[in-house]
């Protein structure tokens, strides 16, 4: 089993040829120094770090996992050293503000970093994964006193952070949280309650851990409006330990390298973050950052699964492929540089003319389809990361607003579609191995087990669909989504995907208007069709990304490799769009668009 | 976590109201004694055995698993006792011939038994799962001497059997097998070679194990035609042990209760089964039986996942459902008997009017869609089991031939579609639990891990698709498939599904003829579209099953429960049919049907 190799060339092609990221960032004075040369150099270094240092720890993370003993959690061998090297080299601070100890670089570099880290080692990456959200939350809502003590430690990653939201009876529904915070005379609060599913609630990676905790003041109303946010560290400034205890860690399907903790707060002293009753507002800053981050995990996990399957398909022979010659010479595979066999051919295989797995149509289809998902969802996710910076730093308020709309609409789509694909498409990659995929040997089954959780956390994929349709699209009668599509239509170019994707956009706009009309008279309709609607939007936007990939293919070192993926997108990904529209249309009272 | 409860009422409804199994079997003199009363009694007893004795061992099978020590394999606690009770009660011999120690009952009862066993405990069920195929193989191909020593032991399940096919370089491609068989002067053979992925190659469930082994005679040609089949027992009649060693067992994604063995044959003495060079023919008898069996595993695993998710959705509250009242009283769920909450309501939940998960449209949709798959695939699989008996025992040769056609065409469809759904639909059931689905606590993640292998073994799902389209449908230009659809069309009744399913049948026939024409000119086309074609056939046949369920719904104790599933089938399962046709049509040279 080989460790993940960051596909730096592919990332470069997407960032510089497809998205022309430096041109987009040129309008933002904040990133005047982030030119293409710097970005390329950073991606190279990132590739070396991730492939060389983080990826090799993936398997031990799964097999040994995090271990709980009497309240302490020992991380798998090598995890602490790798994390210490990681933060000391400045990686967590990549996109944090320079005044907080950060490097002030664009969010899109952070996106490439976290996608790659997740591909290399999902479990390890859970630890720094919440840092940026915690940083933003504290920066925007924390008091000056709290910030002076904690902000830089979190920005740099010297200390790690948690989001303590879920309770035994409050999962998707945070309004049910029962943890209490009692105000003290000195302005601090004593917290009491139990939180579950706390990623990295306890570990030995860093010398301190900062918990951000949703809790209820004594006079708070029931429901979400009664929640406030508090900060409780593992260790106080005087070195004493807070009354926060890790009671146990969960046994999980995967992600064994990340301890999922049950945390008990027993009169644990902390400080309020933001105003009383505004805890969810403050927490949503973390959660929105986290949702794009989870989409990137999905892309990374699919990339890892794809890379293993592609390598295996090029080195293993089974059965004569249809149309193959008697003895299949090396290089008989699809016309791309990586198609030569890497492994040894077995004598038996060579003797009867078996073909490499990649030569079998069903397997080529699987690999090209998953690569189409990878390429297109990277384009979409990286553009969203660029829009995050544009929304924050662009001098033109209209452009900032447009960017905010993009992020609001695409974030739930990306979170849901990319995590769904990581699991289901990851399973397709496993299938390439046949029985060898089901055993541990090649490491592919770990990716599938690890990936499953991403469809659940940071808001289940069903909640993303409701967020998209009910809270965002229908809130303005579909105007924002239609405007986004109108605007994106200009990028479709003139390749083979342009016409079908343009037709998808038209149909999606008509469907959106019809839905907005119908939902005004039927309070539950949107909830019945939200999942299909999100998928339809996802496929249409992936089509947009595919059209952009098509237009830029000639600029790639291997144009044919990119064209095979966009062709697969048209053949095997886009057809889902019509199916989703048909499912929605049958629920509409008037003729379907 | 509750153990699986066999849904005996649902099985009864399908067998007696929907399929009218006794009426179909009445034409077969072999089953003159198998009347409805006997079948109902047997299903009741089966339900008690499976739920009471086998299901409770599922978790220990996963957590402790089978253990290898120095060549011996210890099964999880309780497995041997349960197996001994199982065979002594006559269950493995249910459908074996009375002259071999069997009960001579219809195969459809075996189907219900193995579906239920797989639902209850997939790992344990792997052990007896190969018995019937080994019995048929030995009965039809073994010499009288071999049969006198082994047939009854296998028919009754006193000894278990294995299929030793796969080798390190020969998985899907059995023609690459390199194990050698050297003929000896006494008519026996000495086998040398290594077989991998041997389920139950070694264990302590029974006092002997009978291996059926593909190997090559010294003068055999290369490829599949050089393979012969041999029988090598673990212990010979004189009590001495054969030279067959279990070198290790695999670490797997799931199915820990079944040891997947690497078996080394070191001059192991055995006997030939059938003629030299006809090993694959003899083995295919086992494999065809095994493929329907694997489809039933898929149905069982989905049933187990569905049952857990449905129970959870009725006892756990999260968020107010759209349209729900301020405080959701019990009984607010969908109108069916099982909709009342089973668990305790938490104080916090009740206080803010959260709804049961089942009241949320997205979750209702998931559960109804998976139940639609369950109901319809049971109808299809049980009918196939009935056709197996009809093919063997019907007095009219034309009816026998029609039954053979049905089995040949539906078996690969069922194997692929049911195992795909067990994993992907099982994952949808896991989603109902949110974060609680990803941890071990509720046992749902085990079903998803266990289910994954069924998409691979006994011929990967991609191989099933090639078997269907290339070997079966195109072999007669599509005539057999079209005749099957013509015949099935008579069963569609007049419910809501009749018209759309009839339209699917028409389109599928037109598409099949167009494909047969196009494939005559393009040797690889069929391989590119085989997966979509199998899915299209699967959805159309599930539609047929849905129409039959619709027609019989009024005979069920809870008609509304059955109608909810067929409605879900029409809304959320059937739309895939058009998508698959569209994907295939775009590859055809002439206008798509």
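Observations on the structure shown:
- Compared with the dominant Cα axis of chain B, that is its longest principal axis, helix B:79-88 is turned about 80°.
- Sorted fewest first by neighbouring Cβ atoms within 10 angstrom, B:356, B:284 come out as B:284, B:356.
- With 20 Å bins from 0: P(r) over chain B, alpha-carbon pairs, percent: 20, 53, 25, 2, 0
- Mean partner shielding of peptide B:425-436, defined as the number of other chain Cβ atoms within 10 Å of each residue Cβ, is 4.
- Normalised by 2.2 N^0.38 Å, where N is the number of residues, the C-alpha radius of gyration of segment A:530-593 stands at 1.39.
- For the pair residue B:184 and residue B:520, the difference between a 0.36 nm per residue extended length and the Cα-Cα distance amounts to 116.2 nm.
- Potential lengthening between residue A:207 and residue A:241 on full extension [0.36 nm per residue; Cα-Cα distance subtracted]: 11.1 nm
- Peptide A:170-179 - average C-beta neighbours from other chains (10 Å radius): 5
- Shortest-first distances to equivalent copies, position residue A:397, nm, label 7 Å out along Cβ: 8.9
- Alpha carbon centroid spacing (whole Å) that separates segment A:1-70 from segment B:69-112: 54 Å
- Cα centroid separation - segment B:496-512 against segment A:547-590, whole Å: 27 Å
- Tail fraction, Cα-Cα pairs, segment B:180-282, threshold 20 Å, whole percent: 40 percent
- For segment B:8-141, the extents of the C-alpha atoms along the principal axes are 53, 38, 20 Å, listed from largest to smallest.
- Look at where the Cα atoms of segment B:405-422 and of segment B:448-489 average out, and the two centres are 6 Å apart.
- Value in Å of the Kirkwood radius, where the protein assembly as shown supplies the Cα pairs that are averaged: 31.2 Å
- Coordinate range along principal axes, alpha carbons of segment B:12-67, Å, largest first: 48, 22, 16
- FRET efficiency estimate (nearest 0.05) - Cβ-Cβ, residue B:399 to residue A:506, R0 41 angstrom: 0.20
- Relative to the dominant Cα principal axis of chain A, helix A:279-315 is inclined by about 30°.
- Peptide A:274-282 has a mean of 0 when you count, residue by residue, the C-beta atoms of other protein chains within 10 Å of its C-beta.
- Label-point spacing for residue B:558 across the identical copies (point 7 Å from Cα in the Cβ direction), in nm and ascending order: 5.5.
- Base-10 log of normalised Debye intensity for segment A:33-107 (one unit scatterer per alpha-carbon) at q = 0.27, 0.28 Å⁻¹: -1.21, -1.25
- Dimensions of segment B:460-593 along the principal axes, based on C-alpha atoms and rounded to the nearest Å, stand at 53, 29, 24, largest first.
- Per the axis that maps chain B onto chain A, nearest residue of B (Cβ criterion) and its distance in Å: B:579, 2
- Ordering B:140, A:447 by the number of other Cβ atoms within 10 Å of each residue's own Cβ, fewest first, gives B:140, A:447.
- Here B:139, B:195 are placed in order of increasing Cβ neighbour count within 10 Å, fewest first, which gives B:139, B:195.
- Normalised radius of gyration (Cα atoms, divided by 2.2 N^0.38 Å) for segment B:476-543: 1.17.
Coordinate-derived values only; no laboratory data. Computed from a predicted model, the values in this text were never measured in an experiment. No Cβ is skipped: glycine too gets one built from the backbone with ideal geometry, and neighbour counts run over all protein chains shown.
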